[in-house]
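One structure is given below, encoded as structure tokens.
No value in this document is a laboratory result; all are computed from the given coordinates. Everything numeric here is computed off the predicted structure, so don't read it as measured data. Every residue, glycine among them, receives a Cβ derived from its backbone with ideal geometry; neighbour counts consider all protein chains shown.
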Amino acid sequence: MTSAPVCVLYTQDPDLARRVKAYLRTMAQVRHVTDADRLDVVLQQAGPALCIVDLRAKESRDLVEQIQKDWPEVLITALGALRSEPLRETEQSGIYAAEDLELDRRRFQALAGRAFDHLKVLQENRALRETTSTSNFSSETPPRSESVPERTSGPSLRLLRFPRVFRRFENVDALLASIVESVADAAGVTRVGIFSKSRQGDRYRLRAGLRCLPETHDVEFGERDALVRWSELHAHLISRANLAQTPEQAQRALLRRALDTFGAEVIAPLYARSRIIGWLFFGHRLTGQRFNYSDLEGLMILAEHVSTVLENALLHEEISLQKTLAETLLKSIPAGIVATDQDGVIRWFNPTAEQILGVSGSEALNKPVEATGGTLAAFLRDTLDTKTNLPPRNWIDNNTRRSLSVKTRKLLDHDTPLGAVAVIEDLTVEESLRQKQDLVDRTAFWTDLAASMSHEIRNPLVAIKTFAQLLPERFDDADFRKEFNEIVVGEVDRLDTIITQISNFAHPPDLVLKPIDVRSSVKKGIEIARSRFGVNGGVAVETSLPNDLPKVLGDETALAEVFAHLVVNAAEALSGKTKPRITLAAKPLRQGKTGGGVIVTVRDNGKGIAPNLRDKVFSPFCTTKPRGMGLGLPIVKRTIFDHNGRVDIDSTTHGTSVSVVLPASTKKN
């Protein structure tokens with residue numbers, strides 16, 4: 001378990017910093033420094049590192065010389081204009097590399113990779129020297145009489161009084177700032193900092209600190225960072241004085257890097273519910289003395305107290321955030337929200353509900369639901385008492401005279417009832433617009449009806465009137481009387497048909513729905529089309545009616561009329577066609593595991609429906625026939641709708657197909 005290598009970049013060019021971070025994102029931690037005075041501190045935190053210096057930055061030449069002198073284990077790479085004097089001189093000074101500012105990604109990554117390998121060897125050599133030095137020291141030092149380090153009587157009393165300070169808090173940041181001050185006072189140290197994350201999925205950041213290095217505020221750690229994983233695995237504090245006791249060189253380097261990064265002597269992990277939620281780091285003691293065994297015990301006790309306080313603080317922060325989001329959401333949604341507890345006392349009343357019901361929140365909150373009005377109160381009381389969801393309810397509010405719609409639901413925590421909520425919608429504007437549209441549609445309907453009827457009725461009346469005027473003069477003409485009789489009877493029948501169509505459209509017959517075989521309705525529809533509307537043998541009607549069709553819940557007579565209309569329309573669309581053909585096919589319709597149905601398709605090979613009429617074919621009085629009311633397809637659509645089905649039309653210049661979809665019956669015969 002090793003930490004990622006560190007690359008320290010010194011530049012004031014944000015674009016260069018962005019490119020270097022992008023190139024090394026998967027290879028190293030990039031620490032960007034813009035202030036020359038802070039470069040030395042960052043190098044001290046980072047330990048052996050690759051240092052990239054932008055020669056255009058302030059004091060860059062002096063900084064390169066200083067790093068070479070003070071930090072022999074730091075590899076320097078200078079960036080400058082190609083073939084420029086500063087870049088050439090810096091390269092000759094013995095640095096690791098000199099590169100053009102216009103970085104080539106692959107070349108730069110390969111250069112950095114070799115540098116990190118070299119730094120790894122340097123780090124291993126240093127760790128080996130320290131191990132050898134520690135072993136020699138241990139062999140020369142007489143063994144102590146005790147098997148454990150010397151202990152004192154235990155933590156001081158002020159450490160035990162630490163939690164009393166944090167019983168009440170509102171602002172988490174202020175709480176954490178107070179914690180670090182109290183920890184510094186209780187532990188007697190120069191520097192304290194708390195790293196934590198605000199919520200699940202965030203990165204660990206410095207949330208509060210006392211006399212921390214400025215660079216510490218820029219450091220972040222992810223869930224899979226080596227330091228976080230080490231803390232989760234070992235679950236004990238890190239002390240600079242005890243680093244030599246860590247057996248693995250890589251782990252010693254990781255822990256030393258962490259201590260140097262924070263400028264700390266001790267790092268204590270913070271846990272909640274068996275997961276690491278952050279860590280607390282401590283600087284030197286105020287006395288300058290090293291931490292002994294008893295001091296470390298006291299710091300661990302402090303860390304446990306801080307873990308409890310931090311866990312509560314993070315929970316408070318999360319709950320506060322969720323509460324704020326919930327309140328903002330409920331206040332912002334356009335519907336009125338009224339929520340009650342199980343006793344029917346109003347606990348939430350959003351501003352929209354105030355406007356809709358004409359009741360202020362102060363008059364409603366913490367009052368019985370009857371404060372909102374009798375209708376809503378009764379509905380909410382019914383919801384509290386019932387075990388099933390009630391259907392929406394509409395009414396005109398007596399107080400505001402608004403047209404309202406309300407949906408209610410019980411509030412449950414698993415199976416425990418908590419109360420009820422009502423979602424109220426103001427339909428006043430919508431209802432007004434609907435009424436206006438109904439008025440417009442009704443006016444348009446009667447206008448179209450009057451125009452269509454005047455055209456359809458005038459023609460028969462003209463014929464009847466003409467023959468009636470000629471009858472006195474030609475009464476003795478037997479042929480005339482015969483022709484007069486035929487024409488008058490035909491035109492009267494035509495008028496009767498018009499009246500019947502309008503009557504059927506305005507007052508459709510009541511449907512008697514029962515499980516039926518749709519093939520029976522299809523066959524009757526074809527016979528009706530042939531006998532009543534004159535579809536004869538000149539038009540071939542090909543049928544395909546398989547035996548495995550499921551039964552549908554329908555009215556056999558009404559469906560027969562539907563198919564008769566569709567066959568007649570198909571026949572009329574074939575006028576003038578040399579090889580007219582109508583196909584009528586039915587097949588079962590599968591809809592997954594839940595039920596099915598039957599789809600009946602009437603297809604012709606006519607010229608199709610004009611594009612400007614395709615969206616109007618189901619509108620009353622839309623017709624291209626010289627004689628007709630245009631009520632056939634509207635009646636078809638309404639009948640199928642009453643059967644819980646649907647009608648689809650697909651039309652091209654090569655023909656039209658009309659599909660009727662009917663759901664399968666769930667009733668038994």
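A few comments on the model shown:
- Counting beta carbons within 10 Å around each of Arg646, Arg603 and listing the fewest first gives the order Arg646, Arg603.
- Computed Rg/Rh of segment 333-426, alpha carbon atoms with Kirkwood Rh: 0.94
- Equivalent-ellipsoid semi-axes for segment 157-320 (Cα gyration tensor, √(5λ), whole Å, largest first): 23, 19, 14.
- Going from the residue with the fewest nearby Cβ atoms within 10 Å to the one with the most, Lys21, Lys436, Lys387 rank Lys387, Lys436, Lys21.
- Within the straight-line cut-off of under 28 Å between alpha carbons, the lysines reachable from Lys197 are Lys21, Lys323, sequence neighbours fewer than 8 places apart in one chain being disregarded.
- Lysines whose Cα lies under 21 Å from that of Lys523, excluding same-chain neighbours fewer than 8 positions away: Lys514, Lys551, Lys587, Lys637
- Residue by residue, segment 245-251 carries 3J(HN,Hα) couplings of 7, 6, x, 8, 5, 5, 5 Hz when phi is fed to the Karplus relation 6.51 cos²θ - 1.76 cosθ + 1.60 (θ = phi - 60°); x denotes Gly or Pro.
- Residue order, fewest to most beta carbons within 10 Å, for Lys410, Lys587: Lys587, Lys410
- 3J(HN,Hα) from dihedral phi, segment 306-323, Karplus parametrisation 6.51/-1.76/1.60, rounded to Hz, x for glycine, proline: 5, 4, 5, 5, 5, 4, 4, 5, 5, 5, 4, 5, 5, 5, 4, 5, 5, 5
- Long-range amide H partners of Ile76 with built H, under 5 Å: Cys51, Tyr96, Ala97
- At full extension, Asn242 and Val440 could sit 62.4 nm farther apart than now, given 0.36 nm per residue minus the alpha carbon distance.
- The stretch between Lys69 and Leu315 holds 83.6 nm of extra length on full extension. This uses 0.36 nm per residue minus the Cα-Cα distance.
- Under 5 Å between amide hydrogens, built in the peptide plane, is the criterion, and for Lys367 it picks out Ile346 among residues at least 5 positions away or on other chains.
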